[in-house]
Amino acid sequence: MKTQMWTYMFVMFLTLQGQCSACEWLGRYRMISNESLSLLKEMGGKYPEGTKVSFPGRLYNMIDNAKVEDQVKFLVLTLDHIIRLMDAREHMNSVQWNLQTVEHFLTVLNRQSSDLKECVARYQPSHKESYEKKINRHFKILKKNLKKKEYSAQAWEQIRRAVKHHLQRMDIIASIANRR
């Protein structure tokens with residue numbers, strides 16, 4: 001009986017230790033996020049005036065108050081959408097961005113996503129959350145507008161500005177999740 005109890009306690013300790021160490025990465029999120037924001041600015045320079053983009057502000061406000069596991073899942077989902085959107089270098093001929101910086105930017109985002117997926121791995125969603133549908137729809141619209149504008153320089157700048165807004169808000173969400 002004592003052996004079973006010690007075995008159970010040891011397994012629980014290892015489980016909790018694994019969960020804590022996987023999500024310790026949230027504490028370093030801001031540093032990596034700052035790097036990605038710097039690369040985003042570096043790739044295209046100053047953001048042009050008048051580049052308006054739609055932004056799901058209400059969705060982010062909802063996520064601010066969500067459970068930590070939903071916040072982390074949202075961060076991963078949004079990072080993956082940004083990666084897919086920005087990983088269209090064959091369509092970036094119209095824009096004068098440094099493609100090496102774009103590549104470095106995508107590498108940083110992939111690292112963020114990969115590290116956050118370690119935190120999410122233990123949370124198995126039972127159904128598709130409403131925020132997933134909303135963020136999927138938002139990025140679908142961004143992609144559709146990019147195509148509609150034939151991947152023009154202006155369209156890419158709108159995407160860059162939208163990505164900047166997402167990364168800034170995601171940084172706030174990570175800070176909130178890290179404090180809980």
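The values are calculated or read from the model by the stated rules, or taken from the named source; none is laboratory data. This is a predicted model, so every value here is computed, not measured. Don't worry about glycine lacking a Cβ; one is built from the backbone with ideal geometry, like all the others, and counts go over all protein chains shown. Ligands, DNA and RNA are excluded from the accessible area calculation, which covers all protein heavy atoms including side chains. Shrake-Rupley method; radii C 1.70, N 1.55, O 1.52, S 1.80 Å.
General remarks:
- Selected residue (only one of Lys73, Lys133 is open to solvent by 60 Å² or more (accessible area, probe 1.4 Å), more than 24 Å from Glu49 (Cβ to Cβ) and of a type outside the set (Ser, Thr, Tyr)): Lys133
- Look at region 40-61: where a residue is free of Cβ contacts under 8 Å to residues at least 12 places away in the same chain and hydroxyl-bearing (Ser, Thr, Tyr), no partner that is outside any helix (DSSP H, G or I) and open to solvent by less than 20 Å² (accessible area, probe 1.4 Å) sits 6+ places away or on another chain with Cβ atoms under 8 Å.
- In a residue-by-residue description of region 150-159, the property of being surrounded by fewer than 15 Cβ atoms within 10 Å (Cβ to Cβ) and either within 16 Å of the chain's Cα centre (by Cα) or among the charged types (D, E, K, R) (or both) applies to at least one position.
- Considered as a group, the residues in region 60-70 that are in a loop (DSSP other than H, G, I, E, B) and at pLDDT 90 or above include one that is surrounded by the fewest Cβ atoms within 10 Å (Cβ to Cβ), and that residue is Asn65.
- Residue match in region 124-147 (condition: touching a helix residue (DSSP H, G or I) at 6+ places or on another chain (Cβ under 6 Å) and in a loop (DSSP other than H, G, I, E, B)): no
- Checklist (1) surrounded by fewer than 20 Cβ atoms within 10 Å (Cβ to Cβ); (2) β-branched (Val, Ile, Thr); (3) part of a helix (DSSP H, G or I) applied to Thr78, failing item: (1)
- Members of region 81-90 found to be among the hydrophobic types (A, V, I, L, M, F, W, C) and either touching a residue at least 60 places away in the same chain (Cβ under 8 Å) or loosely packed, with under 15 Cβ neighbours inside 10 Å (or both), listed by number: Ile82, Leu85, Met86, Ala88
Residues checked against (1) over 24 Å from Glu24 (Cα atoms); (2) open to solvent by 30 Å² or more (accessible area, probe 1.4 Å); (3) touching a Gly at 6+ places or on another chain (Cβ under 9 Å); (4) not in a helix (DSSP H, G or I):
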position	(1), (2), (3), (4)
Leu37	no, yes, no, no
Glu42	yes, yes, no, no
Glu49	yes, yes, no, yes
Arg58	yes, yes, no, no
Asn93	yes, yes, no, yes
Thr101	yes, no, yes, no
Gln112	no, no, no, no
